[in-house]
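Structure first, then comments.
The values are calculated or read from the model by the stated rules, or taken from the named source; none is laboratory data. Values in this document were obtained by computation on a predicted structure and should not be read as measured data. Methodologically, a virtual Cβ is constructed for each residue, glycine included, from the backbone with ideal geometry; neighbour enumeration extends over all protein chains shown. Just so you know, the surface numbers come from the protein's heavy atoms only, side chains and all, with ligands and any DNA or RNA stripped out. Shrake-Rupley method; radii C 1.70, N 1.55, O 1.52, S 1.80 Å.
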2 protein chains.
Amino acid sequence: MAQDNDNSQAASLRDGSVTLQDIAAHAGVSRSTVSLVLRESPLVAERTREKVQASIKALGYVYNRGAAALRGSRTQTLGVVVYDIANPFFGAMVAGIDAVLNRQNYVSFLTNSEDSPARQQRFLERMREHRVDAILLCPAEGTEPQLIETLQEWRLPCVQVLRHVGQPPFDYAGTDFEQGVRQAVNHLVALGHRHIAFLGGQAEHSATRARWQGYFAAMADHGLEQTRCLRTALTRQAGFDAILALMDEPTPPTAVICHNDLMAFGAMLGLKRLGLRPGIDCAVIGTDDVEETALSDPALTSVATHPHAIGEEAARLALRRIANPDGAREQVVLSPRLQVRESCGAHRPSTHSRHAKPLVTQD
Amino acid sequence: MAQDNDNSQAASLRDGSVTLQDIAAHAGVSRSTVSLVLRESPLVAERTREKVQASIKALGYVYNRGAAALRGSRTQTLGVVVYDIANPFFGAMVAGIDAVLNRQNYVSFLTNSEDSPARQQRFLERMREHRVDAILLCPAEGTEPQLIETLQEWRLPCVQVLRHVGQPPFDYAGTDFEQGVRQAVNHLVALGHRHIAFLGGQAEHSATRARWQGYFAAMADHGLEQTRCLRTALTRQAGFDAILALMDEPTPPTAVICHNDLMAFGAMLGLKRLGLRPGIDCAVIGTDDVEETALSDPALTSVATHPHAIGEEAARLALRRIANPDGAREQVVLSPRLQVRESCGAHRPSTHSRHAKPLVTQD
DNA sequence: ACCTAGATTTAGACCCATCCAAAAAATCTC
DNA sequence: GAGATTTTTTGGATGGGTCTAAATCTAGGT
């Protein structure tokens with residue numbers, strides 16, 4: 001119907017699929033040459049390049065990455081598997097990943113394992129079928145260590161993020177949770193606390209172990225033998241329940257450190273429920289330093305783990321691994337920083353003026 | 001090196017790429033037949049199917065979706081473009097999308113436009129190159145309406161989510177924000193408020209317009225002429241600033257409704273900063289009902305917009321559109337529900353026992 | 001035993017780019 | 001200006017599936 005004039009619409013209306021062949025014909029060169037132009041090869045003469053580029057624009061050509069991937073070796077895609085995308089922490093992390101990938105023309109598949117190894121397994125298989133160039137994996141709780149070997153057999157590069165399973169060497173990006181908890185303990189001890197409990201974590205994965213290690217080691221360093229570590233789920237509800245149980249014990253702690261901020265929020269609500277004032281009757285410290293920490297009452301002191309930065313590092317690591325599949329494995333471990341607010345009792349929660357400060361958001 | 005025995009490792013070690021051809025040879029059938037088996041075609045005889053499946057398992061075959069997509073018409077992938085993945089609201093929405101897609105063996109690319117139309121444009125082009133079957137788009141603020149037409153010219157099905165631009169008919173999944181704000185106004189009026197302000201929104205997109213409309217219409221319905229609508233950004237900081245400005249006016253409102261929960265949190269902090277008690281000196285209602293609403297002090301009353309459900313609906317809509325590209329466009333508009341807590345003054349915030357109730361999280 | 005409708009299977013073109021080796025064109029050297 | 005280089009360009013094979021139309025096989029009917 002449409003006349004075959006040479007504006008871009010004509011082509012796109014015809015079928016929507018202009019191929020290299022069409023460009024080649026239009027520009028009077030071969031398919032191979034067009035391919036070289038597309039990939040910005042320096043082999044092509046300047047005049048030819050311009051001519052071809054003009055044809056590309058004129059015909060409204062769209063590169064077919066799928067076809068390219070079939071012959072070439074890269075798909076320019078990555079698989080990201082997290083276990084709780086609804087958690088703001090992961091939101092920030094994914095944003096970090098995204099930011100790095102886009103600069104490299106990469107796109108990522110995102111899937112949410114909900115901490116189910118079975119779902120995680122399905123996702124990984126699907127990613128494999130899609131021939132992603134690499135995987136960013138936050139292993140679901142209960143992930144078998146040999147999963148990492150399996151991925152290796154699949155020749156699918158994998159960067160573990162936040163948690164890790166299996167034996168080194170592997171690629172990993174995360175935070176030094178042990179050090180983070182140590183900082184929290186040190187801070188509380190400096191404030192005079194002697195009886196400090198740790199809340200949360202149950203499965204045997206690295207991120208949990210590291211926290212526990214930091215807790216016990218720091219307590220030992222200070223000669224404090226009265227340790228109390230509750231294994232629980234990682235939800236707000238779990239924090240709430242745990243603090244109730246803890247306060248009901250013969251010698252309740254004067255401070256608690258929580259596996260993550262959600263639990264800490266729950267713990268603070270639990271304290272209030274008991275008529276206790278977080279930060280005064282019992283200090284509370286969380287982990288992650290999500291944006292909402294400034295919102296709670298009192299504002300939550302938290303070990304900042306910089307999710308956006310972790311995401312960036314993980315993505316960079318993956319890109320490096322793709323470029324050099326056999327290079328030495330790397331572990332990027334960022335240092336956490338204790339973000340002191342009110343819930344640890346360092347500040348008086350009587351005035352609300354402190355709230356105003358950490359308000360700035362990054363958008 | 002490895003003997004060519006028939007266990008699965010042999011094949012995967014050889015090269016990692018077993019093809020249909022290999023399966024066909026091993027099973028003594030043709031490539032076509034294997035392809036039919038893979039796609040669960042009813043044409044294949046039961047005995048043949050079993051034989052082929054055995055070979056598939058024996059050789060450790062991995063389906064190559066890229067190759068399939070090249071000849072076939074579906075890639076089994078979807079593109080999701082959001083504007084703020086770090087916002088918990090989107091986390092929940094993405095989880096909803098993911099849940100539906102996985103059941104259909106679909107995987108989705110996720111990109112974060114950060115509300116930049118330019119970035120958004122780049123993402124869409126990249127998705128097109130990857131030949132996604134459809135796009136789920138939460139349009140960035142400032143998106144040109146003709147973008148939707150462009151996508152149509154590209155023959156790329158697009159479901160708009162939460163916000164929409166351009167002229168109907170289009171596919172859309174979201175919430176009836178107008179009704180949500182109406183509910184909030186009605187509730188406040190029932191509590192005796194006469195002077196109610198609305199905070200937030202600046203760009204001209206559907207989600208903002210709908211809220212404003214709801215606000216003005218509901219106020220008019222009650223014969224309240226003293227309206228006040230502040231155009232601001234949508235951040236916590238903006239809420240904080242806005243409430244300060246508002247309270248400084250000659251006749252400050254006794255209640256404010258906020259464009260989203262983040263702003264409402266900011267507004268509550270602002271009130272505290274002024275020495276005012278949210279829920280008593282000034283009622284505050286947010287929108288979205290993110291999980292953190294239960295955390296604030298007082299707990300935030302909010303218009304629940306069910307992000308997980310919206311995500312599910314959007315994904316379902318996209319799958320329907322893929323199956324039937326020329327069917328009638330659909331608009332799925334969920335009904336919001338006012339989730340009453342303390343910040344609107346309906347309950348006494350004196351006791352903290354209320355906090356315990358809405359604690360349950362869904363993980 | 002012969003014919004036919006229906007059930008299975010298959011060959012071979014096709015999708016669209018990349019890769020390689022070799023051809024063609026341009027430039028240089030003496 | 002012939003031969004040696006260097007720079008550009010190209011044909012044709014290739015990757016791993018799907019599709020269509022035609023071939024082959026089966027069981028049922030007479």
Open item on the list: It is to be established whether one or more residues within the range A:71-88 are of a type in the set (A, V, I, L, M, F, W, C) and in a helix (DSSP H, G or I).
Closed with: no
TODO: Give the number of residues within the range A:31-74 that are within 12 Å of DNA strand D (Cβ to nearest atom) and either acidic (Asp, Glu) or in contact with a Gly (Cβ under 7 Å, 6 or more places away or on another chain) (or both).
DONE: 5
Open item on the list: Name the single residue that is farthest from DNA strand C (Cβ to nearest atom) among those in the range B:14-34 being modelled with pLDDT of 90 or more and surrounded by fewer than 17 Cβ atoms within 10 Å (Cβ to Cβ).
Closed with: B:19
Open item on the list: Go through (1) modelled with pLDDT of 90 or more; (2) within 14 Å of residue B:244 (Cα to Cα) for residue B:280 and report which single condition fails.
Closed with: (2)
TODO: Kindly indicate whether any position in the range A:283-301 is without any contact (Cβ under 8 Å) to a residue 24 or more places away in the chain and surrounded by 24 or more Cβ atoms within 10 Å (Cβ to Cβ).
DONE: yes
- [ ] May I ask you to list the residues in the range A:120-156 that are open to solvent by 10 Å² or more (accessible area, probe 1.4 Å) and either away from chain B (no Cβ under 13 Å) or among the small types (Gly, Ala, Ser) (or both)?
- [x] A:142, A:143, A:144, A:145, A:146, A:147, A:148
Task: Residue tally, condition at the interface with chain B (Cβ under 8 Å from one of its Cβ atoms) and open to solvent by less than 20 Å² (accessible area, probe 1.4 Å), over the range A:100-119 - done: 7
Task: Selected residue [more than 13 Å from the chain's Cα centre (by Cα), within 16 Å of residue A:98 (Cβ to Cβ) and in the same structural domain as residue B:318 (by TED's automatic domain parsing)] from B:103, B:119 - done: B:119
Task: Within the range B:38-64, considering residues that are near DNA strand C (Cβ under 8 Å from one of its atoms) and assigned to a helix (DSSP H, G or I), the one most open to solvent (accessible area, probe 1.4 Å) - done: B:47
- [ ] Any residue in the range B:60-74 that's within 10 Å of chain A (Cβ to nearest Cβ): show its pairings with residues that are among the basic types (Lys, Arg) at Cβ separation under 7 Å, as long as the two are six or more apart or on different chains.
- [x] B:62/A:128; B:64/A:131; B:66/A:131; B:69/B:131
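Going by the structure shown, is residue B:84 facing another protein chain (nearest Cβ under 8 Å), more than 16 Å from DNA strand C (Cβ to nearest atom) and within 20 Å of residue A:120 (Cα to Cα)? Quick ask: steps written out before the conclusion?
On the way: facing another protein chain (nearest Cβ under 8 Å): yes; more than 16 Å from DNA strand C (Cβ to nearest atom): yes; within 20 Å of residue A:120 (Cα to Cα): no.
For residue B:84, the condition - facing another protein chain (nearest Cβ under 8 Å), more than 16 Å from DNA strand C (Cβ to nearest atom) and within 20 Å of residue A:120 (Cα to Cα) - is not met.
Return the only residue of A:240, A:265 being within 14 Å of chain B (Cβ to nearest Cβ), under 23 Å from residue A:141 (Cα atoms) and either open to solvent by 10 Å² or more (accessible area, probe 1.4 Å) or out of contact with any Leu (no Cβ under 9 Å at 6 or more places or on another chain) (or both). Give the derivation first.
Values: A:265 fails: either open to solvent by 10 Å² or more (accessible area, probe 1.4 Å) or out of contact with any Leu (no Cβ under 9 Å at 6 or more places or on another chain) (or both).
It is A:240.
Would you point out which residue out of B:251, B:232, B:227 is modelled with pLDDT of 90 or more and open to solvent by less than 40 Å² (accessible area, probe 1.4 Å)?
Working: B:251 fails: open to solvent by less than 40 Å² (accessible area, probe 1.4 Å); B:227 fails: open to solvent by less than 40 Å² (accessible area, probe 1.4 Å).
Result: B:232 is the single residue among B:251, B:232, B:227 that is modelled with pLDDT of 90 or more and open to solvent by less than 40 Å² (accessible area, probe 1.4 Å).
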